[in-house]
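The values are calculated or read from the model by the stated rules, or taken from the named source; none is laboratory data. These numbers come from a predicted model, not from an experiment. Cβ: placed from backbone, ideal geometry, glycine included. Neighbour counts: every protein chain shown. Surface areas here come from the heavy atoms of the whole protein model, side chains and all, with no ligands, DNA or RNA. Shrake-Rupley method; radii C 1.70, N 1.55, O 1.52, S 1.80 Å.
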Amino acid sequence: MSRNRRRLSTIVEALSVALAASIVMPTPAAFAQQPSYADPSKPALKRGSMVLDPTRAALIVIDPQNDFMDPRGKAWPVVSESVTEQQLIPHLTQLLTAAKAAGMMVAISPHHYYHWDHQWRVQGPLEIFQHDAGVFDRAGPYTSEGFEGSGADFLPAFKPFIFDGKTVIASPHKLYGPQVNDLAFQLRKQRIDQVIIVGMLANMCVESHVRQLLEEGFEVAVVRDAIAAPKLPEGDGYLAALINFRYMANGLWTTDQAVQMMRKR
């Protein structure tokens, strides 16, 4: 080995030792003491810089439907703990009230399944669960037969906001993201370029909407206590989403913070 190569090897080794010495890994006890949803005390990333402008922003509520948010809903057994922890229903009510008072656009991105959707030959685990349980099932897109009060219907507490003649109800998304519905089209037609995303499921439909709208150039905020997700042996969906939102959302706010921003005109 040449003298220069030996010198380079020595420098690289020294740097590696110094870097390893500078990283102090938390002990298991330290992890246990930190609430699982708390933000890191010493984050490595700067927070997103989104400043809400209600005149060009929309509140997007994903899947505000009985199967996810009502104790009689078909998915309630796996989402109830998260919905309760986050106080999802009262927080969504606060946000809808504030958005309407601020004159902001409100849009609903619902989830509906028709009988032909149950014939899909390609399905992922959550699709299989939803189809087996009949989550969000409807008789068809052009009939209201059996819809009122069903799992696919909107939670009664939200209906005064949704059916006020101003709220946009987008066409249904089929898996998780808005790629196959008209949500982005409706937003652009209103010259909206900022969105606040809330609803369910945090790690599936909410995250997929966040990712897609970011890719389309929208400025995207998530309200961390106005989302919820399943808790299964496969993992805590809320925590999974929260980690990713820390990495990529332009804003990650509480309900109180979002409401305060909506009031500033």
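So what is the accessible area of the chain per residue, in Å², with the probe set to 1.4 Å?
Counting only protein heavy atoms, the per-residue value for the chain is 55 Å².
What is the extension gain from Ser49 to Gln260, computed as 0.36 nm multiplied by their sequence separation minus the C-alpha to C-alpha distance, in nm to one decimal?
74.3 nm
The chain: D in µm²/s via Stokes-Einstein (Kirkwood Rh, Cα pairs, 20 °C, 1.002 mPa s)?
My calculation gives 106 µm²/s for D.
Hey, could you pull the Cα Rg and Dmax for the range 114-265, both in Å?
Both quantities, over Cα of the range 114-265: 16.4, 50 Å.
What FRET efficiency comes out for Glu145 versus Gln119 if R0 is 22 angstrom and r is the Cβ-Cβ distance? Round to the nearest 0.05.
So, using R0 = 22 Å, E works out to roughly 0.65.
Could you tell me which trypsin sites (Lys or Arg not before Pro) in the range 111-212 are loop residues by DSSP with no more than 14 other beta carbons within 10 angstrom of their beta carbon?
Answer by residue number: Arg121, Lys166, Arg191.
For His112, enumerate residues with amide H under 5 Å from its amide H, sequence gap 5+ or separate chain, H modeled in the peptide plane.
It is His173, by chain and number.
Calculate what fraction, in whole %, of the accessible area of the range 24-179 sits on carbon and sulfur atoms when a 1.4 Å probe is rolled over the protein chains.
Here it works out to 59 percent.
Given Lys42/Lys231; Lys74/Lys159; Lys46/Lys74, which pairs have Cα atoms separated by over 30 Å?
Check vs 30 Å cut-off fails for Lys46/Lys74.
Which chymotrypsin sites (Phe, Trp or Tyr not before Pro) in the range 160-265 sit in a loop by DSSP (not H, G, I, E or B) and have at most 12 other Cβ atoms within 10 Å of their own Cβ?
Answer by residue number: Phe163.
Treating only the Cβ of Lys, Arg, Asp and Glu as charged (+1, +1, -1, -1), what charge dipole size does the chain show about its Cα centre? Round to the nearest 20 debye.
It works out to roughly 1420 debye.
Report ³J(HN,Hα) in whole Hz for each residue of the range 37-46, in order, from the Karplus equation J = 6.51 cos²θ - 1.76 cosθ + 1.60 where θ = phi - 60°; Gly and Pro get x.
These are the phi-based 3J(HN,Hα) values: 9, 5, 5, x, 5, 10, x, 8, 9, 6 Hz.
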